[in-house]
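Here the structure is laid out as structure tokens; the discussion comes afterwards.
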Amino acid sequence: MTIDPSPSPQAGRPRGRGIYLLPNLFTTAVLFSGFYAIVAATDGNFDRAGIAIFVAMVCDGLDGRIARWTNTQTEFGKEYDSLSDMVAFGLAPAVVAYQWGVVRIAEYGYVWGRIGWLATFFYAACAAIRLARFNARSATSDKRFFEGLPSPSAAALLAGFVWMLNELQREGLRALVLAFVVATVAGLLMVSRFPYLSGKDFNLNRRRPFAFLLLVPLGFVLVGSSPPEMLFGIFALYALSGPSFWAWRRFSRGRRAGPGK
């Protein structure tokens, strides 16, 4: 009995180009959402700008997972994803905050206008540094944690705050200063070394308590009841989790070391 050495059509068939296109389509959606947020903020539609940034977050969470599920990770996709993230989560939130606040805060004097301008640029610069650091250390970093606040979460924090203030029609110097404080704090958290849970080790196939399933519809109900406030609140808690976890670990180490050691 002779065996045909030629490979079967299925074994030697190259992977279709369409499957490589799928994750990059979601990355393009991230880029488009960031671009649309900038255009909407320029036109004064801050609610649409906030929604666009949150849509970008959803698409950004899907493109990497789809690439891993379909085994189509490429260097091109990695670089394209990073550039799209810079637009959607670096430039777009900064422009949204600038358009919403700097135009108004300039009415209170030249110095306040420059402070607002610097705060939004500082945020954009920190986002670029955060993304560059992530790319440089991705091969050796602990996949369970992010080092510093992820740029999508920082974007949600800043854009969600502006969206919330716009919906509540909060104006005046106090609201404007708070927006630029949020921009500065979000930027600092991005370049910090605080550990943030990544959720990459979350296994959907693992058994969960039945009560865990109730959290999903409950989350949709809460967010749907008041999207700007709830989304800002969720990402504000996540932003605080990094410093809180760091402080808890330092406190735990100090207690284990004992007094006088």
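What follows is calculated from the coordinates using simple rules that are stated; it is not laboratory data. Note that this is a predicted model, so its numbers are computed, not measured. When we count neighbours, we look across all protein chains shown, and the Cβ atoms used for this are built from the backbone with ideal geometry, even at glycine.
How do 111-124, 169-182 rank on mean C-beta neighbours within 10 Å, highest first?
Per-residue mean Cβ counts within 10 Å order the peptides as 111-124, 169-182.
With θ set to phi - 60°, apply the Karplus curve 6.51 cos²θ - 1.76 cosθ + 1.60 along region 85-94 and write out the HN-Hα couplings as whole Hz, x wherever there is a Gly or Pro.
4, 5, 5, 6, 10, x, 6, 4, x, 5
Please state, to two decimals, what the Cα-based radius of gyration of region 36-112 comes to when divided by 2.2 N^0.38 Å (N = residues).
My calculation over the Cα atoms of region 36-112 gives 1.41.
How long is the gain from Leu25 to Arg144 if the chain were fully straight, where each residue apart is worth 0.36 nm and the alpha carbon distance is subtracted?
The Leu25-Arg144 span can extend by a further 40.2 nm.
Hey, how much of the P(r) for region 101-149 falls beyond 15 Å, as a percent of Cα pairs?
Value for region 101-149 (Cα pairs over 15 Å): 57 percent.
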